[in-house]
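Take a look at the structure below.
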Amino acid sequence: MDILLLKSKEKLGCNRCEKCCIYRGDIRLTPINVCEISQFLNISIKEFLEQYTNKLKGEEPELVLRTRGELKECILYSRDKKGCSIHPVKPMQCVMFPLVPENLKRDYFYNSNQCVIKDAKPISVNRWLNGNHHIYRKNKKICMEWIAFVEWIQPLWYRIPIEKQTEIYKILFEKYQCKKNLKWQMRKNIEEVKQCVIKEGEENC
Ligand code: SF4
Ligand code: SF4
């Protein structure tokens, strides 16, 4: 597996074969994705969570998009339009594809080689990520903060009582007011959860 840097050139392109939305594995969501997608779909966060997401078992508190059928087609894939129904607000994983981050903080990637595009011209990784979609630049930093938080909380998750886990999900994914700055609210919610988990640990000592 070759590690790619931002300046590395790869043959990247998209011929809209749709495979990445139909046979795709788990698409993880940050709280920002949850807010942005529910706003885009014009439904409440609660409705979005109930109708479009699943908890990622064993990797709590991560959420993933639901899939349809045996082929595991993404629930947000539009068969009529033959494409993503939430393109302007799609999750980071979808924006980067077929590139996968080896280390997002250091901008190390690898090519999953799941798109075979004949005659694709080599372009830089930087151009693929930033030229493809404005979401990459917009959400990369907050996405990294989310990953760091998930790495912190996951080893502690099974020590947290079930009722507290439910409360944590609500704080992380539901406690938002759409007119206020979403990133600021997400950071505040993460801090609240951290304090709540730390306090819970102290009480159990
Ligand atoms: S990104 Fe790749 S797999 Fe997805 S539609 Fe384009 S070519 Fe197909
Ligand atoms: S969110 Fe959109 S781009 Fe991502 S897998 Fe679903 S349909 Fe495809």
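The values are calculated or read from the model by the stated rules, or taken from the named source; none is laboratory data. All of these numbers come straight from a predicted model, not from anything done at the bench. Neighbour counts are summed over all protein chains in view; Cβ atoms, including those assigned to glycine, are modelled from backbone coordinates with ideal geometry. We work out accessible area using only protein heavy atoms, side chains counted, and drop any ligands, DNA or RNA first. Shrake-Rupley method; radii C 1.70, N 1.55, O 1.52, S 1.80 Å.
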Out of 164, 183, sole residue that is closer than 19 Å to residue 40 by Cα and either outside any loop (DSSP other than H, G, I, E, B) or without any contact (Cβ under 8 Å) to a residue 12 or more places away in the chain (or both): 183
For the stretch 103-120, the count of residues that are closer than 18 Å to residue 5 by Cα, within 14 Å of ligand 1 (Cβ to nearest atom) and not hydroxyl-bearing (Ser, Thr, Tyr) equals 2
Any residue at all in the stretch 119-139 that is within 21 Å of residue 26 (Cβ to Cβ) and in a loop (DSSP other than H, G, I, E, B)? yes
Filter the stretch 71-88 down to the residues that are within 9 Å of ligand 2 (Cβ to nearest atom) and either crowded, with 20+ Cβ neighbours inside 10 Å or in a loop (DSSP other than H, G, I, E, B) (or both) and list them by number. 74, 75, 76, 77, 85, 86
Of all residues in the stretch 98-113 being touching a strand residue (DSSP E or B) at 6+ places or on another chain (Cβ under 9 Å) and polar (S, T, N, Q), the one that is nearest to residue 27 (Cα to Cα): 112
Hey, can you tell me all the residues within the stretch 10-58 that are part of a loop (DSSP other than H, G, I, E, B), more than 12 Å from ligand 1 (Cβ to nearest atom) and open to solvent by 20 Å² or more (accessible area, probe 1.4 Å)? 25, 26, 42, 43, 44, 57, 58
Mind checking which residues of the stretch 100-136 are within 22 Å of residue 88 (Cβ to Cβ), modelled with pLDDT of 90 or more and open to solvent by 60 Å² or more (accessible area, probe 1.4 Å)? 126, 127
